[in-house]
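Since the structure comes first, as structure tokens, the remarks are kept for the end.
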Amino acid sequence: MGARRFRWVLHVDLDQFLAAVEVLRRPELAGRPVIVGGRGDPTERAVVSTASYEARAYGVRSGMPLRVAARRVPDAVILPVDHPVYEAASAQVMGALRGLGTVVEVLGWDEAFLGYDGEAPEAFAHDAQRAVLDATDLRCSVGIGDTKVRAKIATGFGKPAGVYRLTAENWFEVMGERPTSDLWGVGPRVSKRLAAHGIDTVAQLAAADDAVLVGELGPRMGAWYGELGRGEGSAVVDDTPWVARGHSRETTYQRNLTTTDQVTAALRELAAQAHADTEAEGRAVFRVGLKVRYAPFFTRTLSRKLPAPTRSLEEVTAAVLDLAAGLEPGREVRLLGVRAEMVMPEGGTDAETTPVRGRI
């Protein structure tokens with residue numbers, strides 16, 4: 001169907017998706033605290049991918065170290081991540097949503113935007129919930145908005161398994177006094193930078209001087225955050241097949257890397273894996289990135305644009321190792337990651353000049 005602007009945007013989000021899929025596979029786990037992450041072994045370095053609501057009641061959250069989650073919920077069932085099973089379940093969900101006859105923009109395994117032009121968005125939201133439940137036995141929450149921003153944020157108020165509408169009419173009533181960190185796209189770093197200018201709430205962000213935001217966050221992002229504070233943005237839903245902009249490979253090491261030789265060998269392996277992913281698409285690499293997490297838990301990222309796009313493994317690896325020269329010598333490393341950004345199929349060479357898919 002392509003891209004279309006709609007009167008209403010619905011954001012469909014599967015509730016506790018990975019944990020819910022695991023409970024369907026093992027019905028005896030219903031009602032028990034279930035944690036999915038890594039290889040299911042809390043003695044290894046890994047993080048929580050998702051947790052059931054029963055586990056979340058103990059403070060378990062996505063991204064939390066698995067061993068910490070295990071300490072919080074000693075009787076939790078901890079399961080390994082099973083990508084093929086989740087991908088299959090996701091495909092069923094998206095198929096059910098497409099069966100509603102509207103544009104479906106897939107955001108990931110467990111969420112999507114839907115467009116709707118009718119007079120009864122709540123009824124359509126309930127239709128979406130029933131379609132997903134009938135096809136998969138999975139439950140979802142639906143946010144209704146007049147922009148993607150508002151629809152996405154509305155979903156949180158509908159969880160679990162509910163429907164919530166958030167539009168220009170009730171935006172400030174619902175969101176005005178909430179902290180800026182409650183906005184989709186405002187992380188801890190940005191909220192801290194905003195707070196330095198006395199901008200602590202959504203209403204304050206909405207009313208902030210554009211010059212202040214641009215001065216702090218740059219001309220493009222400063223203006224975007226101002227719009228975000230007002231809940232503004234696109235209402236275009238686009239089902240155009242997503243094209244990967246790059247491929248990343250990273251590894252958390254069970255034992256810290258302590259020597260330069262170990263780091264170099266690990267980066268060569270990761271660079272080869274990321275390069276193989278780009279070669280599978282037949283696309284050249286124009287930028288490489290390096291992620292390092294030092295012990296105990298400090299993360300740094302570096303990136304570099306190549307002199308010219310290349311499909312050479314040697315050139316990609318050399319660029320990654322050049323970035324590694326900027327790492328701090330003598331610090332133990334617990335995680336390394338390599339990213340290879342690719343020339344877009346249309347022929348563009350710089351992702352910075354191409355709008356980010358899903359930017360709202």
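Just need a number here: residues in the stretch 130-146 that are more than 19 Å from the chain's Cα centre (by Cα) and hydroxyl-bearing (Ser, Thr, Tyr).
We begin by selecting, within the stretch 130-146, every residue more than 19 Å from the chain's Cα centre (by Cα); these are 130-139, 144-146.
Those left that are additionally hydroxyl-bearing (Ser, Thr, Tyr): 136.
Final tally of qualifying residues: 1.
On the basis of being under 29 Å from Arg67 (Cβ atoms) and within 26 Å of the chain's Cα centre (by Cα), does Ser248 make the cut?
yes
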Practice item. Could you tell me whether any residue of the stretch 148-167 is open to solvent by 20 Å² or more (accessible area, probe 1.4 Å), part of a strand (DSSP E or B) and among the hydrophobic types (A, V, I, L, M, F, W, C)? Key: yes
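For the stretch 290-304: of the residues being open to solvent by 60 Å² or more (accessible area, probe 1.4 Å) and outside any strand (DSSP E or B), which is nearest to Ala274 (Cα to Cα)? Write out each step before concluding.
First pass over the stretch 290-304, keeping only residues open to solvent by 60 Å² or more (accessible area, probe 1.4 Å): 296-298, 300-301, 303-304.
Okay, now just the ones that are also outside any strand (DSSP E or B), so 296-297.
Details: Pro296: 26, Phe297: 24 Å.
Checked the stretch 290-304; the qualifying residue nearest to Ala274 (Cα to Cα) is Phe297.
Which of the residues that make up the stretch 1-44 are open to solvent by 50 Å² or more (accessible area, probe 1.4 Å) and of a type in the set (Gly, Ala, Ser)?
First pass over the stretch 1-44, keeping only residues open to solvent by 50 Å² or more (accessible area, probe 1.4 Å): 1, 3-5, 7, 24-28, 30-32, 39, 41, 43.
Those that are open to solvent by 50 Å² or more (accessible area, probe 1.4 Å) and of a type in the set (Gly, Ala, Ser): Ala3, Ala30, Gly31.
Counting only residues that are out of contact with any Cys (no Cβ under 7 Å at 6 or more places or on another chain) and among the basic types (Lys, Arg), give me the strands (runs of 3 or more DSSP E) lying completely in the stretch 1-117 with at least 1 of them. Even if it seems obvious, please write down each step before you answer.
Details: elements: 3-5, 8-14, 34-36, 77-79, 104-108, 111-116.
The qualifying strands (runs of 3 or more DSSP E) are 3-5.
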Exercise for review: Sort out which residues of the stretch 305-321 are open to solvent by 90 Å² or more (accessible area, probe 1.4 Å) and either closer than 17 Å to Arg268 by Cβ or of a type in the set (Ser, Thr, Tyr) (or both), and write them in order of number.
Suggested key: Glu314, Glu315
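Only residues that are of a type in the set (Val, Ile, Thr), open to solvent by 70 Å² or more (accessible area, probe 1.4 Å) and either closer than 17 Å to Ala318 by Cβ or modelled with pLDDT under 95 (or both): list them for the stretch 248-271, please. Let's see the steps before the verdict.
Taking the stretch 248-271 first, the residues of a type in the set (Val, Ile, Thr) are 251-252, 258-260, 263-264.
Okay, now just the ones that are also open to solvent by 70 Å² or more (accessible area, probe 1.4 Å), so 258, 260.
Within the stretch 248-271, Thr260 is the sole residue that qualifies.
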Practice item. Would you point out the residue of the stretch 101-135, among those that are touching a helix residue (DSSP H, G or I) at 6+ places or on another chain (Cβ under 6 Å) and open to solvent by 20 Å² or more (accessible area, probe 1.4 Å), that is modelled with the lowest pLDDT? Key: Trp109
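The values are calculated or read from the model by the stated rules, or taken from the named source; none is laboratory data. Predicted, not measured: the structure shown is a model, and the values here were computed from it. Don't worry about glycine lacking a Cβ; one is built from the backbone with ideal geometry, like all the others, and counts go over all protein chains shown. Remember, those area values only see protein heavy atoms, side chains included, never the ligands or the DNA or RNA. Shrake-Rupley method; radii C 1.70, N 1.55, O 1.52, S 1.80 Å.
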